[in-house]
Amino acid sequence: MAEMVGVAMAGTAHRAPRLAGMTAARSAAYVDCFDQHFGRLAGYCATMVGDRHAGQEIAQEAFARLFAKWVGVRDPKAYVYLVATNIARDQWRRDGYQRSAYGDVVRRSPTVADPPDVELRDLVDRLPDRQRRAVLLRYYADLPITEVAALMALPDGTVKRLLHEARGALGLALGDDR
């Protein structure tokens, strides 16, 4: 906790009664939200980007953005997961552009291939927005269907349909004939 909000708290203690500009109740709610969700969010992010350190940085950035908008956010957990998902997706794009640019300069051996998880992340990134968010929340964050539905403000059945469609699209893209 202190790592992420240390700057925002400007030297205050971990369980400070107030965070800059917040009432005691709101600052306590923010700290509780952070304590409750940071570890799992960091793991989710690390799974998405394939790097534990980068995952923690993405989670910290998501919580920093939540901190900036704390008063106006109705569902903090949904907010940080969606912000983190978008930050990770932007990182995938940057990494893809870098791989593409370096690939033009340095020709890779035909026997060297991208690891399957990189290919899968690229395919997930190409899914339609609602399918992509459902896949990331369900399979990368390992959230149950009901929680994914609540975070996306959709009925459970719609989330199940989105996941089914996404699995079908990913299977086709990967050449799965099942």
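The values are calculated or read from the model by the stated rules, or taken from the named source; none is laboratory data. None of the values given here were measured: they were computed from a predicted structure. Positions of Cβ are generated from backbone atoms using ideal geometry, with glycine treated the same way; all protein chains shown enter the neighbour counts.
Filtering segment 133-178 down to residues that are among the acidic types (Asp, Glu) and modelled with pLDDT of 90 or more, which residue is surrounded by the fewest Cβ atoms within 10 Å (Cβ to Cβ)?
Selected residue: 156.
Select from segment 68-83 the residues that are loosely packed, with under 11 Cβ neighbours inside 10 Å and not β-branched (Val, Ile, Thr) and write down the one among them that is nearest to residue 129 (Cα to Cα).
Among them, the one singled out is 74.
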field: segment 59-75 - residue that is out of contact with any Leu (no Cβ under 6 Å at 6 or more places or on another chain) and under 13 Å from residue 37 (Cα atoms) and, of those, modelled with the lowest pLDDT
entry: 75
query: Checking residue 119 against (1) in the same structural domain as residue 163 (by TED's automatic domain parsing); (2) modelled with pLDDT of 75 or more, which single condition isn't satisfied?
result: (2)
- line: Counted residues in segment 20-58 being touching a residue at least 12 places away in the same chain (Cβ under 8 Å), of a type in the set (A, V, I, L, M) and under 20 Å from residue 144 (Cα atoms) come to 3
